[in-house]
Amino acid sequence: MYRFRITVVCLALLVSLSFTSSQLAQAGKFQHQLAQESTIEQVIRHCVLRVGMSTFVPWAMKDKTGKLIGFEIDVARRLAKDTGVKVEFIPTKWAGIIPALLTGKFDVIIGGMTIRPDRNLKVNFTIPYDYSGQTICAHRKLAAGFKCVADFNRPEVTVGARLGSTSVAAIKRYMPKARLRLFDEEPQLYQELLNGNLHAVVASLPTPAYQALKYPKRLFAITEPFTRELIGFAVRKGDPDTLNYFNNWIRLVTEEGWLKERHNYWFNSRDWQDRLQ
C-alpha cells in the first residue's frame, strides 16, 4: 500500500511538471510574438519611423523651401537617427490625428500633444518631454481694455480656437460665457482675428505672442499662460516595448540637455524667423 502511494505521488509530480513546462513554453512563445509585433520592431524592420504631426508655430512649420522645421521636427529626426532608421512625416488634421494613429496611418504622434485623461483612454502617452500652456492673442479694437482671462468671459465676446485642441477645454472652463468658434487650421483662426470677426484667439504658447508681434497695430497678447500642460508622444495601447523604448530615449536626451537646448532655440529665440516662408 505504501509503495502504491509513493508511485501515485510521483506520477502526480511528473504530470504537474509537464503541465508547468508546457505553460512556460506557451508564455515564452506569446511574449516573443508580442515583442515581434510591437511598433518599434516594425519600425526597425521597415527602416522608417512614421510620425503623425500637424503644423503649429514653432512646433512644426515649413521653411522657404517647403521643408518642415520646428521643435517637434527636431525631436522626431533625432529619435529616428538614434534608432538607426529614416523618418517620414505624415501631416494630419489635428481633429483626426488620434483616429489616424489607431488605424495605423503612422507609428507615433509627435505633435505637441497635451497629456489628458480623455485622450489617455484611447492612446498611451510617454513620460512628458516638454510643457505648454494656454495664452491669448486679442484684437486691439474689439478687446480694448481687456487685461486678463476674466475680461473675455462675457456673452458678447467671441473667442476662437483650433478644433480638437486643448484650447477648447480651457475656453469652456475659464470663459464659459463667451461664444466659441472652432477652426480646422491655425492660419484661418488668426485671419478671422485680423478681420475683426473674433475678439481673441486662445492657443498654446508661444504662437499668440508671435502673432501679436507680427501685427502690433492690430493685435496684442496676454502672454502669461493661464494653464500648464505636459506634452508626450502618443502611441497605440497594448505595446509596452515601444513605450519603454520611447520613455528611455526621452530620459537620455533630457539628461544630455539636448531637449532643453532645442526648446530654448525654438521657444525662447527668434533666430529661426528668417527661415520661414
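Quick notes
- Restricting region 164-178 to residues that are in contact with a helix residue (DSSP H, G or I) (Cβ under 8 Å, 6 or more places away or on another chain) and in a loop (DSSP other than H, G, I, E, B), the residue that is farthest from ALA150 (Cα to Cα): GLY164
- Applying a threshold of 6 Å to beta carbon distances and a minimum spacing of six or more residues, or different chains, the list of pairs starting in region 233-249 at a residue that is within 11 Å of ILE40 (Cα to Cα) and ending at one that is of a type in the set (Gly, Ala, Ser) and assigned to a helix (DSSP H, G or I) reads ASP241/ALA35.
The rows are residues; the columns are (1) touching a residue at least 60 places away in the same chain (Cβ under 8 Å); (2) more than 16 Å from the chain's Cα centre (by Cα).
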{"position": "THR135", "(1), (2)": "yes, yes"}
{"position": "LEU142", "(1), (2)": "no, yes"}
{"position": "LYS147", "(1), (2)": "yes, yes"}
{"position": "GLY160", "(1), (2)": "no, yes"}
{"position": "GLY164", "(1), (2)": "yes, no"}
{"position": "LYS172", "(1), (2)": "no, yes"}
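- Residues considered: GLU224, GLU156. Of these, the only one that is under 25 Å from the mean Cα position of the chain (by Cα) and assigned to a loop (DSSP other than H, G, I, E, B) is GLU224.
- Looking across region 126-143, the residues that are surrounded by fewer than 21 Cβ atoms within 10 Å (Cβ to Cβ), more than 22 Å from ALA76 (Cβ to Cβ) and in contact with a strand residue (DSSP E or B) (Cβ under 9 Å, 6 or more places away or on another chain) come down to GLY133, ARG140, LEU142.
- If you filter region 188-205 down to residues that are within 22 Å of the chain's Cα centre (by Cα) and surrounded by fewer than 22 Cβ atoms within 10 Å (Cβ to Cβ), you find that the one that is farthest from THR166 (Cα to Cα) is GLN188.
- Answer residue from region 71-89, given it is closer than 16 Å to CYS47 by Cβ and part of a helix (DSSP H, G or I) and is most open to solvent (accessible area, probe 1.4 Å) among those: LYS81
- Qualifying residue in region 90-97 (condition: over 16 Å from ALA169 (Cβ atoms) and open to solvent by 40 Å² or more (accessible area, probe 1.4 Å)): yes
- Residues that are aromatic (Phe, Trp, Tyr) and either modelled with pLDDT under 90 or touching an Asp or Glu at 6+ places or on another chain (Cβ under 6 Å) (or both) within region 18-72 comprise PHE19, PHE30, PHE56, TRP59, listed in sequence order.
- Qualifying residues in region 92-116 (those that are at pLDDT below 95 and not in a loop (DSSP other than H, G, I, E, B)) - the one nearest to LEU259 (Cα to Cα): THR114
- Checklist (1) touching a strand residue (DSSP E or B) at 6+ places or on another chain (Cβ under 6 Å); (2) free of Cβ contacts under 8 Å to residues at least 24 places away in the same chain applied to ASN195, failing item: (1)
- When ARG228 is tested against (1) at pLDDT 95 or above; (2) surrounded by fewer than 21 Cβ atoms within 10 Å (Cβ to Cβ), only condition (1) is not met.
- Selection status of LYS64, surrounded by fewer than 16 Cβ atoms within 10 Å (Cβ to Cβ) and in contact (Cβ under 8 Å) with a residue 40 or more places away in the chain: yes
- Residue in region 209-219 that is aliphatic (A, V, I, L, M), in contact with a Gly (Cβ under 9 Å, 6 or more places away or on another chain) and assigned to a strand (DSSP E or B) present: no
The values are calculated or read from the model by the stated rules, or taken from the named source; none is laboratory data. The structure presented is a predicted model; accordingly, all values stated were derived computationally and were not measured. Positions of Cβ are generated from backbone atoms using ideal geometry, with glycine treated the same way; all protein chains shown enter the neighbour counts. Just the protein is used for accessible areas: all its heavy atoms, side chains included, with ligands, DNA and RNA removed. Shrake-Rupley method; radii C 1.70, N 1.55, O 1.52, S 1.80 Å.
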